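The values are calculated or read from the model by the stated rules, or taken from the named source; none is laboratory data. The structure presented is a predicted model; accordingly, all values stated were derived computationally and were not measured. Reconstructed Cβ throughout: ideal geometry from the backbone, glycine too, with neighbour counts over all protein chains shown.
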Amino acid sequence: MKYFHLVWAALFRRKTRTLFTLLSVLAAFLLFGLLAAVRSTFDAPPSAAGVNRLVVSSRISIIQSLPQSLLQRIQSVPDVKDVAYANWFGGYYQDPKNQQQMFQIAINPGYLDVYPEIVLSADQRKAFESTRTGALIGEAAAKALNLKIGDKIPIKGAIFTNKSSGDTTWTFDIVGIFKASEAKMRGIENQLLFRWDYFNEGRGFGEGTVGWYIAQVDDPKHSEQVAAAIDAISANSDHETKTQTEEAFNLAFVKQLGDIGLIVGAIMAAVFFTLVLLTGNTMAQAVRERIPELAVLKTLGFSNASVLGLVLAESILLIVLGGTLGLLLAQVLLPALNAGSGGRMNFPPIGVSTWITGLVWMIGIGIVVGLLPALRGMRLRIVDALAGR
Amino acid sequence: MNLLINVITVVVVIAVIAVLVVVPIAVVGILALLLAVWMATTRTGRQAWSVTRVGIATIPQRLGSSSVIVVGIAGVVGVLVALLAMGEGFRQTLQQTGDADTAIIMRGGATAELSSGVSRDDFTLIAQEPGIVKDAKGKPVASPELVVVANLPKKSSGTDANVEIRGVGEQAFELRPNVKIAEGRSFKPGLRELVVGKGALAQFTGLSVGSKLNLANQQWDVVGVFTSGDAHESELWGDVETVSTTYRRTGYQSITVRLTSPEAIETLKAGIAADPRLKVDVKTTGDYYSAQSENLSKIIRIIGIVIGSIMGIGAVFGALNTMYAAVATRAREIATLRAIGFRGLPVVVSVLLETMLLALLGGILGAAVTWLIFNNYTVSTLGSNFSQVVFAFKVSPALIASGLKWALAIGFVGGVFPALRAARLPVTTALREL
């Protein structure tokens with residue numbers, strides 16, 4: 001540590017060159033930080049902590065529905081605390097382009113108890129329970145589509161025909177606007193929740209069936225046995241179920257989007273390979289033009305090992321400095337991106353594990369690019385170097 | 001004065017990038033040709049050419065640092081072209097699925113087949129509408145179709161993914177002449193038999209000819225494999241009536257018909273609009289499938305450009321470093337040239353040209369590597385019917401051209417500042433420098 005100022009001075013001997021190299025390293029690790037965030041949204045989709053929910057869906061396929069009669073039987077499974085059910089809707093408001101902006105789900109009122117991350121005021125909840133055509137909208141969707149409490153919104157385009165309107169148009173009254181309890185859960189604010197009973201009475205077909213059940217378990221340790229018990233209820237019937245934890249369900253879904261991990265890995269390999277070459281060149285240049293100075297250091301009594309250490313420290317410092325700035329920039333940019341997207345993107349902030357992997361990469365790359373120049377510095381002979389041979 | 005020059009330089013740099021982004025690659029070629037003519041015919045041009053030759057001749061002495069430009073830009077262009085090729089592949093696969101000669105009819109307001117429903121009566125009515133081609137027996141070429149989703153394990157991950165099962169009418173093969181049975185035979189109506197698309201066969205386990213499949217608690221036989229070169233290849237096809245009874249559906253979801261001509265879409269639309277019993281939307285399959293690809297290919301494009309830009313900024317600084325070092329080592333030589341009468345312009349042109357040639361080399365290298373690895377590389381993602389769509393990366397000449405334009409833009413930015421420094425170096429100081 002006592003040589004820090006020496007390493008620092010050597011690093012900024014050529015200010016422009018070091019600055020440019022730092023900016024290259026910064027760009028590389030900015031990308032590393034951003035892509036790590038993208039990857040982690042796909043590796044582990046955000047879910048609220050400590051909810052222990054199981055998703056019960058049809059084993060045949062996600063589009064197949066389940067009989068409502070299962071509710072009682074799932075409820076009677078030991079260790080099941082609460083059961084809610086829901087139905088996917090799949091329409092749009094005004095323009096088909098808004099489909100991504102607001103996912104619609106028909107829910108039973110108990111759904112709100114199972115999802116504590118849906119934050120709703122008590123009187124709005126009461127209004128929802130007393131209004132058959134009532135709907136709750138997430139804050140992000142309400143903002144994006146410019147909707148407020150009291151609005152009547154027609155939703156159309158879903159597979160379900162509405163007996164009363166004769167076509168696929170369903171009209172809901174917005175009675176509440178909910179928020180997500182945590183920033184990482186803001187994805188749920190792109191939902192429109194409405195009452196399953198209203199939906200069930202109006203639908204042209206499939207009355208009395210639900211899309212999926214959500215069972216809350218008292219203790220995560222019981223998840224596996226509860227899942228097995230729920231699946232046993234409908235075994236060998238024509239509506240066999242598949243019960244899995246919410247995490248597993250979400251993960252299986254995002255996995256279907258594609259192998260994001262592989263794509264991110266390939267991009268980072270290209271970025272880091274280029275970075276090694278680029279900074280390696282900078283370090284080689286830096287050592288080459290400083291050979292007489294290194295010789296002077298050795299003349300003064302610096303050992304071979306300390307010269308090696310000095311050059312290595314310089315290259316590690318270069319990468320760690322640029323890399324840290326890059327990751328910091330990513331950390332600042334991610335919330336800005338999330339905010340700018342109006343809740344449609346929800347990248348998690350850069351976590352400790354990303355910082356640690358990042359630092360390991362920085363030090364690793366620093367050693368790789370510094371090693372050859374450092375060995376050159378270590379092996380130089382004082383007489384030759386001072387003579388400029 | 002210096003400030004003014006710097007401001008002008010920045011403006012020129014931005015203008016050049018903008019021009020490179022906008023103009024087609026042919027215009028870039030013409031500009032290069034004009035440069036060559038200028039170099040061959042005018043005095044300053046010939047000077048520039050000889051200085052450039054000296055610069056290029058000394059590259060082998062700076063192989064390490066010059067390769068920073070080449071490899072750095074190869075990385076940018078490679079990643080950019082690969083990502084754009086993914087979006088392009090998805091867009092092409094879906095776009096090829098539709099054309100202007102066939103029309104798809106779904107319930108009014110439906111955005112995808114999965115959220116549509118058309119009754120059996122509707123089918124009978126629609127098939128009689130004008131504008132639809134009749135086959136040799138005088139039957140309209142129309143296929144009522146039903147899409148359901150099944151869970152099957154994927155080869156790559158071993159986990160379940162959604163596969164689309166399409167029940168098709170007997171005219172489906174006449175309707176889509178590009179669908180050909182490549183192995184085995186077609187399914188027989190009324191039997192629980194399936195033909196699988198080549199893409200689905202490659203992505204999912206247990207779909208080879210002769211295997212048995214459990215769908216909705218019933219046993220199905222795979223009797224054939226089909227190719228179509230479009231999104232249908234990701235699907236499993238069976239008889240629409242059999243699929244419908246297996247999944248206990250009462251109606252269909254969409255009707256696809258062959259039009260007598262692309263203009264007949266208007267006739268068909270008018271005919272359907274005139275019938276108050278029908279509440280359906282008519283679109284050409286071309287329009288329908290293009291709309292399906294729009295969102296995802298746009299997102300991939302934006303991601304590609306953002307990642308490419310960040311990498312490009314990194315590569316610019318690498319190029320700047322290399323070229324500043326190159327100018328510094330050649331400072332005496334450049335000063336000598338200027339002392340014996342060479343003007344600033346040839347010096348600027350030579351440094352700039354050298355950087356851009358290295359950049360072009362990097363761009364070609366990156367595009368070539370991407371083409372070798374990723375052209376026709378097959379992946380799959382979730383499509384609008386909530387099931388896997390298999391598609392291949394398409395490294396098209398247009399994408400390679402835009403990759404090369406990026407390379408030239410990066411080379412230009414990385415070369416212009418060192419070039420100006422070379423030209424503005426005071427001759428006397430440069431000559432005295434060791």
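Remarks
- Residue count for region B:244-281, restricted to those that are β-branched (Val, Ile, Thr) and without any contact (Cβ under 8 Å) to a residue 12 or more places away in the chain: 1.
- The numbered conditions (1) under 30 Å from B:Lys279 (Cα atoms); (2) assigned to a strand (DSSP E or B); (3) out of contact with any Pro (no Cβ under 8 Å at 6 or more places or on another chain) are all true for A:Ile177 except (1).
- Beta carbons closer than 8 Å, at least 6 apart along the sequence or on distinct chains, pair a first residue in region B:96-111 that is within 14 Å of chain A (Cβ to nearest Cβ) with a second that is aromatic (Phe, Trp, Tyr) and part of a strand (DSSP E or B) for B:Thr111/A:Tyr92.
- Residues of region B:322-352 satisfying the condition of being farther than 20 Å from B:Ile5 by Cα, surrounded by 22 or more Cβ atoms within 10 Å (Cβ to Cβ) and either of a type in the set (Ser, Thr, Tyr) or within 33 Å of the chain's Cα centre (by Cα) (or both): B:Thr322
- Region A:41-58, residues that are surrounded by 20 or more Cβ atoms within 10 Å (Cβ to Cβ) and either within 14 Å of chain B (Cβ to nearest Cβ) or of a type in the set (Gly, Ala, Ser) (or both): A:Val55, A:Ser57, A:Ser58
- Only residues that are surrounded by 17 or more Cβ atoms within 10 Å (Cβ to Cβ), out of contact with any strand residue (DSSP E or B) (no Cβ under 6 Å at 6 or more places or on another chain) and among the aromatic types (Phe, Trp, Tyr) were counted in region B:365-389, giving 2.
- Of the residues B:Ile272, B:Ile307, the single one that is of a type in the set (A, V, I, L, M, F, W, C) and under 30 Å from A:Lys15 (Cβ atoms) is B:Ile307.
- Exactly one residue among A:Thr279, A:Thr354 is among the hydroxyl-bearing types (Ser, Thr, Tyr), surrounded by 14 or more Cβ atoms within 10 Å (Cβ to Cβ) and closer than 30 Å to A:Ile188 by Cβ, and that residue is A:Thr354.
- The number of residues in region A:150-184 that are within 14 Å of chain B (Cβ to nearest Cβ) and of a type in the set (Gly, Ala, Ser) comes to 4.
- When residues in region A:209-229 are screened for being among the small types (Gly, Ala, Ser) and either under 28 Å from the mean Cα position of the chain (by Cα) or within 14 Å of chain B (Cβ to nearest Cβ) (or both), 4 of them pass.
- Every pair of residues 6+ apart whose Cβ atoms lie under 8 Å, when the first sits in region A:190-202 and is on the phi < 0 side of the Ramachandran plot while the second is of a type in the set (Asp, Glu): A:Asn200/A:Glu207; A:Glu201/A:Glu207
Residue-by-condition table, conditions (1) within 14 Å of chain A (Cβ to nearest Cβ); (2) outside any helix (DSSP H, G or I); (3) within 27 Å of B:Val306 (Cβ to Cβ); (4) among the hydroxyl-bearing types (Ser, Thr, Tyr):
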residue	(1), (2), (3), (4)
B:Val16	no, no, yes, no
B:Ala36	no, no, no, no
B:Ala40	no, no, no, no
B:Ala48	no, no, no, no
B:Arg53	no, no, no, no
B:Val71	yes, no, yes, no
B:Val77	yes, no, yes, no
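- For A:Leu310, the stated conditions hold: it is buried (at least 18 other Cβ atoms within 10 Å of the Cβ) and either over 23 Å from A:Thr274 (Cβ atoms) or touching a strand residue (DSSP E or B) at 6+ places or on another chain (Cβ under 6 Å) (or both).
- Residues of region A:248-301 satisfying the condition of being part of a loop (DSSP other than H, G, I, E, B) and at the interface with another protein chain (Cβ under 8 Å from one of its Cβ atoms): A:Gln256, A:Leu257, A:Gly258, A:Asp259
- Search result, residues across region A:175-194 that are in contact with a helix residue (DSSP H, G or I) (Cβ under 8 Å, 6 or more places away or on another chain), modelled with pLDDT of 90 or more and either hydrophobic (A, V, I, L, M, F, W, C) or not assigned by TED's automatic domain parsing to the domain that holds A:Val114 (or both): A:Val175, A:Ile177, A:Phe178, A:Leu192, A:Leu193
- Residue check, B:Leu345 over 26 Å from A:Asn281 (Cα atoms), part of a helix (DSSP H, G or I) and either at pLDDT below 90 or not aromatic (Phe, Trp, Tyr) (or both): yes
Let's see how each residue does on (1) modelled with pLDDT of 90 or more; (2) in contact with an Asp or Glu (Cβ under 7 Å, 6 or more places away or on another chain); (3) of a type in the set (Lys, Arg); (4) surrounded by 14 or more Cβ atoms within 10 Å (Cβ to Cβ):
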position: B:Val16; (1), (2), (3), (4): no, no, no, yes
position: B:Val37; (1), (2), (3), (4): yes, no, no, no
position: B:Thr42; (1), (2), (3), (4): yes, no, no, no
position: B:Ala74; (1), (2), (3), (4): yes, no, no, yes
position: B:Glu88; (1), (2), (3), (4): yes, no, no, yes
position: B:Gln96; (1), (2), (3), (4): yes, yes, no, yes
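- Hits in region A:200-233 - residues which are in a loop (DSSP other than H, G, I, E, B) and surrounded by fewer than 20 Cβ atoms within 10 Å (Cβ to Cβ): A:Gly204, A:Phe205, A:Gly206, A:Glu207, A:Gly208, A:Asp218, A:Asp219
- Selection within region B:151-161 - more than 24 Å from the chain's Cα centre (by Cα) and within 9 Å of chain A (Cβ to nearest Cβ): B:Asn151, B:Lys154, B:Ser157, B:Thr159, B:Asp160, B:Ala161
- Any chance A:Leu147 is at pLDDT 90 or above, in contact with a Leu (Cβ under 7 Å, 6 or more places away or on another chain) and either surrounded by 14 or more Cβ atoms within 10 Å (Cβ to Cβ) or acidic (Asp, Glu) (or both): no
- The set of residues in region A:65-93 being within 14 Å of chain B (Cβ to nearest Cβ) and at pLDDT 85 or above consists of A:Ser65, A:Leu66, A:Pro67, A:Asn87, A:Trp88, A:Phe89, A:Gly91, A:Tyr92, A:Tyr93.
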